[in-house]
Amino acid sequence: MTSNESKGERTVAELTLVIGNKNYSSWSLRPWLALRHAGFDFDEILIALSTNGTKAEILKHSASGRLPALRHGELTVWDSLAICEYAAELKPDAGLWPQDQAARALARSVSAEMHTGFTALRQHMPMNIRSSFPDEGRKPGVKEDIDRITSLWRQCRSRHGADGPFLFGSFTIADAMYAPVVTRFRTYGVALGEVEQAYADAIWNLPMMKEWAKSASDEPMIIDSAEF
Ligand SMILES: N[C@@H](CCC(=O)N[C@@H](CS)C(=O)NCC(=O)O)C(=O)O
């Protein structure tokens with residue numbers, strides 16, 4: 001605790017994470033979880049997506065025109081996975097990547113596959129944490145994406161998950177990358193096998209996940225393209 005905190009004053013965090021709507025912005029959720037899990041003190045700036053002013057607001061923080069972005073002093077880090085990597089470098093002891101080299105390589109592979117792939121799932125089952133659409137989203141390519149994701153989860157759990165309930169035992173960036181999928185499976189009522197359901201429950205029951213989901217439920221903004 002700093003001396004200012006002990007006097008009850010809020011210190012300005014060194015890090016600021018600029019994010020989109022908590023209900024819809026799956027890319028924002030990922031680094032938010034990684035930073036939280038690693039115990040960073042960070043401020044948040046939330047920019048409402050899909051409004052007339054969204055692009056101009058985002059551009060004040062990131063020339064990429066996309067969220068999330070992390071500000072650390074003069075430095076801006078953008079893109080969810082790059083922010084997670086930066087957090088892992090800032091706190092090497094936080095365990096954001098698995099210690100074992102082979103496990104770490106697999107964790108990076110499954111994270112990269114999430115980052116670049118599963119376009120059918122992302123398009124047809126957009127993240128909408130507070131809602132329930134159990135009959136929607138079964139479009140071409142979605143089942144294949146779900147099958148690939150659940151197979152990856154089983155592979156990680158059986159090879160490296162012995163020491164805890166997450167993909168590599170304890171929580172890592174790989175879990176942060178797949179957390180939005182866990183919420184999608186809930187929203188769209190995707191039936192899971194025992195191993196995948198236990199994993200999904202472990203993610204959903206994380207206090208930091210509950211906190212994000214509560215904020216998502218409290219948000220007034222509605223994005224029509226992510227509603228059914
Ligand atoms: N690959 C990027 C994707 C970021 C992205 O597409 N973010 C969306 C919000 S979830 C965005 O900023 N959209 C811009 C807009 O709505 O104007 C990442 O991993 O951060």
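The values are calculated or read from the model by the stated rules, or taken from the named source; none is laboratory data. In this text, all values refer to a predicted model and were calculated from it rather than measured experimentally. Quick reminder, even Gly has a Cβ in these numbers, built from the backbone with ideal geometry, and neighbours come from all protein chains shown. Note: areas computed on protein heavy atoms with side chains; ligands, DNA, RNA excluded. Shrake-Rupley method; radii C 1.70, N 1.55, O 1.52, S 1.80 Å.
Quick one: order Ile222, Ile149 from most to least accessible surface, probe 1.4 Å.
Ile222, Ile149
Spin-label point model (7 Å from Cα, Cβ direction): what's the Ser225 to His115 distance in nm?
2.3 nm
For Ser25, what accessible area in Å² do you get when you roll a 1.4 Å probe over the heavy atoms of the protein chains, rounding to the nearest 10?
Here the accessible area works out near 10 Å².
State the Cα centre-to-centre distance between the range 192-228 and the range 31-108 in whole Å.
When both Cα centres are located, 19 Å separates them.
Does the chain come out rounded, prolate or oblate, given a ≥ b ≥ c as the square roots of the eigenvalues of its C-alpha gyration tensor, rounded meaning a/c under 1.5 and, failing that, prolate meaning a/b above b/c?
Oblate shape, in that a/c is at least 1.5 and b/c is the bigger or equal ratio.
What is the gain in length, in nm to one decimal, between Asn52 and Asp93 on full extension, counting 0.36 nm per residue of separation less the C-alpha to C-alpha distance?
10.6 nm
Rounded to a whole number, what % of the accessible area of the range 10-93 do carbon and sulfur atoms account for, probe 1.4 Å?
Looking at the range 10-93 in its full context, I get 51 percent from C and S.
Hey, got a sec? Which trypsin sites (Lys or Arg not before Pro) in the range 117-217 land in a DSSP loop and have at most 14 other Cβ atoms within 10 Å?
Arg138
Heavy atoms only, probe 1.4 angstrom, no DNA, RNA or ligands counted: give me Glu74, Glu85, Glu144 ranked by accessible area, highest first.
Glu74, Glu144, Glu85
Can you list residues from other chains, or at least 5 along the same chain, whose modelled amide H is less than 5 Å from the amide H of Ala13?
Result for Ala13 returns Asp43.
Keeping every protein chain in place, order Glu89, Glu219 by accessible area at 1.4 Å, biggest value first, i.e. largest first.
Highest to lowest solvent-accessible surface, that is Glu89, Glu219.
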